[in-house]
1. Out of all the residues in segment 428-435, is one or more modelled with pLDDT under 90, under 22 Å from Leu312 (Cβ atoms), among the small types (Gly, Ala, Ser) and surrounded by 15 or more Cβ atoms within 10 Å (Cβ to Cβ)?
2. Being among the small types (Gly, Ala, Ser) and on the phi > 0 side of the Ramachandran plot is the filter here; which residues of segment 554-576 pass it?
3. Here are some residues: Gly498, Gly566. Which one is touching a helix residue (DSSP H, G or I) at 6+ places or on another chain (Cβ under 7 Å) and farther than 26 Å from Leu427 by Cα?
4. On the basis of being at pLDDT below 95 and in contact with a Phe, Trp or Tyr (Cβ under 7 Å, 6 or more places away or on another chain), does Ser207 make the cut?
5. Do you know which residues across segment 68-85 are touching a residue at least 12 places away in the same chain (Cβ under 8 Å) and either surrounded by fewer than 18 Cβ atoms within 10 Å (Cβ to Cβ) or among the aliphatic types (A, V, I, L, M) (or both)?
6. Tell me the residue from Thr413, Thr463 that is β-branched (Val, Ile, Thr) and modelled with pLDDT of 90 or more, please.
7. When you go through (1) farther than 30 Å from Asp137 by Cα; (2) within 31 Å of the chain's Cα centre (by Cα); (3) aromatic (Phe, Trp, Tyr) one by one for Phe152, which number turns out not to apply?
8. Determine whether segment 391-398 contains at least one residue that is among the small types (Gly, Ala, Ser), surrounded by 16 or more Cβ atoms within 10 Å (Cβ to Cβ) and assigned by TED's automatic domain parsing to the domain that holds Thr351.
Amino acid sequence: MAFDGITVACLTEELNRRIKGGRISKIAQPEKDEILLTIKAEENLRLLISASASLPLMYITEENKPSPMTAPAFCMLLRKHFNSARVVDIRQGGGSGPSLERTVDFTVEHLDEMGDLKIKHLITEIMGKYSNIILCDDNYKILDSIKRVNSFMSSVREVLPGRDYFLPGADERENPLTMAYEGFKEKVLSKNLPVTKAIYTGLTGISPMIAEEMARRAGIDGRMPACELSEDFGLHLFKCIERIMDDVKAGNFTPFMLTEKGAPTEFSVIPLTEYAGEDTEKKEYASVSSLLYDFYAEKNAATAIRQKSADLRKIVNTAIEREAKKLSLQRKQMEDTEKRDKYKVYGELLTAYGYSQPAGERSLKAFDYYSGEEIAIPLDPELTPIQNAKKYYEKYSKLKRTFEALSVYIEETRSALEHLNSVALSLEIAADENDLAQIKKELTDSGYIRFHAQKNGKNQGKTKIKSQPMHFVSPEGIHFYVGKNNTQNDELTFGLAGNNDWWFHAKGCPGSHVIMQTGNGEVPDKAFEYAGALAAHYSSAAKNGKVEVDYVKKKEIKKPANAKPGFVIYHTNYSLVATTDISALSLIS
């Protein structure tokens, strides 16, 4: 579901109701593209505004976020103008009339250094990768923005101090709040596009999901071309959209979220006539802010962690490519050593039969007592048979030494590649910065990241990192623990697990160690399915849907000396084929 114009309208209505007239008491910039305003109105509220390219957001929240020790320049500018400023108006879009643009204009009044009352505008644009937060003066001249956009970045609009603010493309679509039927016909009904696509491309602020709802309410198949609608059906569609817009203008919103097996799937602030999926459930909310927080909290956390792990992922991916290329070259070199035994046989046969060979011959036919067949041995006519034999022995010895060395190198490279793939999976599972710190330490200890001492002289490696494995409980009360990285895998297997606990791991691929605690007692068969599902879910083979999983008592697990983190061996085990469905389990931590 896009953060569309109707959602912004609902949010604007809530903001006017809850923070209009309040004073800004605190301004923070927790992330490079995010600000957090604390506003004293009837109650103390925090307003989060994010211009993240991957997840732009705005909602009222109770959650505070840590800020950098030194405030960024844009944050300092906002503090200069907005300290104790009062929010006098909150309006959606540009222009004087109502709009469904995905922009919110906060009009703020404050006293300048001379004590004169001044007006400023803080404009939030929620437009995907083009999202921005822009500070303007009373005449909408840009003072600065959280993302500066120059002419090299955009040929449509520069967002730089001193430029006039305007919203690009505002006239390309029809405003559904004020449109007449003739405008609707021109922007929607004249297009040779499916009805739903014609609606969301021709009208401002309409998402594909709401466009489908509009077609459904009109009893129209949204897949048919809009230009083929009859005059009656076109007018009927217009009236249905008009009724929805009447609710938007009146502030009649009903925020709700749809979930499937507990996972958020869609949200809307207007009623939907149809839900998808038998397991779909509807949860209503008193405010759109709480809806947005719940819907995006998990995605926002995952996006933030993914952004913070970008450098680590780049290091790991580069190392994986390097090791994979090295392994390919080593295996190709190994193929060249396959002739070594043939050269040894040539040398032996020449030593046995070469005494009768005339000088200057280019080959020798001899009986191979290994294969029981007669073979022709190529000869250098410039050398004697014994010299040819010596030459073949030298080739054999060289290839044998190469084979022995490559066998070691290939195993080392294969092990390094396996380790790096497990780290790559750990980065996908990582849930917070402590997890990333643990992975970074592992990469540093393995030599993939150069070690740097802290300024105070203390080693970073001595800093205690607080990161815990995932803890699940089954409906029967069985406890399962899942490692999020190789360090946690070792801690689980050789620290937490008892000898009679069960250990699970996806077969033949990177994955988490899963420990099922038995309490030295019997566990139901269903528990093995749960543990197998966890091992399958948190493995690189999870996308296959079904994964073969090995399981064994923990006492059978051994760790070789000097083995990489997370690497273990076992010689006797059971196997099961597990699905990746873990919805029956409750995540404790």
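The values are calculated or read from the model by the stated rules, or taken from the named source; none is laboratory data. What you see is a predicted model, and the numbers here were worked out from it, not measured in a lab. Cβ placement follows ideal geometry from the backbone for every residue including glycine, while neighbour counts extend to all protein chains displayed.
1. Yes: segment 428-435 contains one or more residues that are modelled with pLDDT under 90, under 22 Å from Leu312 (Cβ atoms), among the small types (Gly, Ala, Ser) and surrounded by 15 or more Cβ atoms within 10 Å (Cβ to Cβ).
2. Gly566
3. That would be Gly498, the only listed residue that is touching a helix residue (DSSP H, G or I) at 6+ places or on another chain (Cβ under 7 Å) and farther than 26 Å from Leu427 by Cα.
4. So Ser207 passes the test.
5. Scanning segment 68-85 gives Pro68, Ala71, Pro72, Ala73, Leu77, Leu78, Arg79, Asn83, Ser84, Ala85.
6. Selected residue: Thr413, the only one of Thr413, Thr463 that is β-branched (Val, Ile, Thr) and modelled with pLDDT of 90 or more.
7. Just one mismatch for Phe152, condition (1).
8. No, segment 391-398 has no match at all.
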